[in-house]
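Chemist: One structure, as structure tokens, below. Some questions next.
The values are calculated or read from the model by the stated rules, or taken from the named source; none is laboratory data. Quantities reported herein were computed from a predicted structural model and do not represent experimental measurements. Here the Cβ is made from the backbone with ideal geometry for all residues, glycine too, and neighbour counts use every protein chain on show. All accessible areas refer to the heavy atoms of the entire protein, side chains included, with ligands and DNA or RNA removed. Shrake-Rupley method; radii C 1.70, N 1.55, O 1.52, S 1.80 Å.
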Amino acid sequence: MSRARLSVIETADEIGALLGNRLLSEIDRARAEGRRYVLGCPTGRTPKPIYSAIGRRLSTAPQDLSQLVLAMMDEYVIERRENAPADKPWSCHYFARHEIIRRWNEHLPKEFQLAEGSVWFPDPVDPEHYDAQLAEAGGIDLFILASGASDGHVAFNPPGSPRESRTRIVELSEQTRRDNLQTFPAFGSIDAVPRHGVSVGIATITAARAGVMVLTGAAKRESLSRVLKAESYDPQWPATLIHEFAAGEILADREATAGLG
């Protein structure tokens, strides 16, 4: 595999606009070809400028999203292998509904809207089915990726995740839980952050035809440095999986690259 290339953009908002326009063009091209477009999506702070940029573009230039599928990366798991309640502001289902579906559909006619049934999540009762579902759909066209600031986790894949790992229930590391508390202050305290999640695996992610790792802000400088020093997947820093894509790209803002050699 070739090493992922780095593009440095001034701000996170500019990255959002750039990647948002690219994705809308690819989605429209797939629709014109009569096929659906499957987009792998994270939740959290990093992708918000991308999702917001797409929403703004759709408000001025409505586009048909009826053949778009969003493949979400993960969800918290509570007792008895149940998904986190979808009405909790920290749940991934809540994020998808409010930060993506609602914003994108707001200005679209009904026939153009992204259907809630076209937003897929791994199921904690049968995690393995998710990989089969994605394969049956023809695979993921592009995966948007983000990295944990202090341990490089991607989705809920902690350091040490095998390259061949697929969708499964994982125990969340202490650092991942603390990062997620910062992402979702609604938790209130570290004790309220679930200790398990259902997550796509490293092999699930890298099976996509393309991947874009977005690293923005000063907090992501260490992760960017670790990723740039790698040439292939390092299990101790899962964000290095970007080098496993045939078409992998890293987008970083000036704040994330400050001080790097």
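Chemist: log10 I(q)/I(0), Debye, Cα-only region 1-75, no solvent, q = 0.15, 0.21, 0.26 Å⁻¹?
Modeler: Log10 of I(q)/I(0), two decimals: -0.59, -1.06, -1.28.
Chemist: Let me ask something additional. Calculate how large, on average over all directions, the projected area of the Cα convex hull of region 91-205 is; give the answer in nm² to one decimal.
Modeler: 8.3
Chemist: To the nearest Å, what is the center-to-center distance of region 194-261 and region 33-87, using C-alpha atoms only?
Modeler: Taking the Cα centre of region 33-87 as reference, the centre of region 194-261 is 19 Å away.
Chemist: Could you identify which residue out of 50, 101, 190 has the top mean-square fluctuation in a GNM of the chain using Cα springs shorter than 10 Å?
Modeler: 190
Chemist: Here is a further query. Can you give me the pair-distance distribution of region 32-139, C-alpha pairs, 10 Å bins, whole percents?
Modeler: P(r) over region 32-139, rounded to whole percents: 14, 44, 34, 8, 0.
Chemist: Here is a follow-up. Relative contact order for the chain using alpha-carbon pairs under 8 Å, separation at least 6, rounded to a whole percent?
Modeler: Rounded, it is 25 percent for the chain.
Chemist: Treat each spin label as a single point 7 Å out from the Cα along the C-beta direction, and report the residue 35 to residue 196 distance in nm.
Modeler: Spacing of the two 7 Å Cα→Cβ label points: 3.7 nm.
Chemist: Would you please put 23-34, 113-124 in order of how densely packed they are, using the mean number of other Cβ atoms within 10 angstrom per residue and starting with the highest?
Modeler: 113-124, 23-34
Chemist: What share of all Cα pairs of region 105-163, in percent, falls into each consecutive 10 Å distance bin?
Modeler: That works out to 16, 34, 35, 13, 2, in percent per bin.
Chemist: Skip the ligands, DNA and RNA, and give the accessible area per residue of the chain with a 1.4 Å probe, whole Å².
Modeler: With all protein chains present, the chain gives 43 Å² per residue.
Chemist: Still on this structure: Could you put 171, 222 in order of accessible surface area, largest first, with the 1.4 Å probe and the full protein assembly present?
Modeler: On the way: 171 130, 222 95 Å².
So the residues, ranked largest to smallest area, are 171, 222.
Chemist: Per residue of region 209-218, what does 6.51 cos²θ - 1.76 cosθ + 1.60 with θ = phi - 60° give for ³J(HN,Hα)? Whole Hz please, x for Gly and Pro, Karplus curve as stated.
Modeler: So the Karplus estimates, Gly and Pro as x, are 5, 8, x, 10, 8, 9, 10, 10, x, 4 Hz.
Chemist: Taking the Cβ-Cβ separation of residue 128 and residue 260 as r and a Förster radius of 45 Å, what is the calculated FRET efficiency to the nearest 0.05?
Modeler: With a Förster radius of 45 Å, E is 0.70.
Chemist: Another question, then. Where the Cα atoms of region 141-191 are projected onto their three principal axes, how long is each span, largest first, in whole Å?
Modeler: Projected onto the principal axes, the Cα atoms of region 141-191 cover 34, 23, 19 Å.
Chemist: Beyond 22 Å, what share of the Cα-Cα pairs of region 171-261 remains, rounded to the nearest whole percent?
Modeler: 39
Chemist: Using each residue's phi in region 171-188, evaluate 6.51 cos²θ - 1.76 cosθ + 1.60 at θ = phi - 60° and report the 3J(HN,Hα) Karplus result to the nearest Hz, with x for Gly and Pro.
Modeler: For region 171-188, the Karplus-derived couplings read 7, 6, 5, 4, 5, 4, 5, 5, 4, 6, 5, 5, 5, 10, x, 4, 4, x Hz, x marking Gly and Pro.
Chemist: At 1.4 Å probe size, with the rest of the protein present, what percent of the exposed accessible area of the chain is carbon and sulfur atoms?
Modeler: 47
Chemist: Just the C-alpha atoms of region 150-224: what Rg/Rh do they give, with Rh taken as the Kirkwood radius? All intermediate terms of the calculation are to be shown ahead of the outcome.
Modeler: Working: Rg = 13.2 Å, Rh = 13.5 Å.
Taking Rh as the inverse mean 1/r over Cα pairs, Rg/Rh reads 0.98.
Chemist: Shifting gears a bit: In the chain, how does Rg compare with the Kirkwood Rh, expressed as the Rg/Rh ratio over alpha carbon atoms?
Modeler: A ratio of 0.94.
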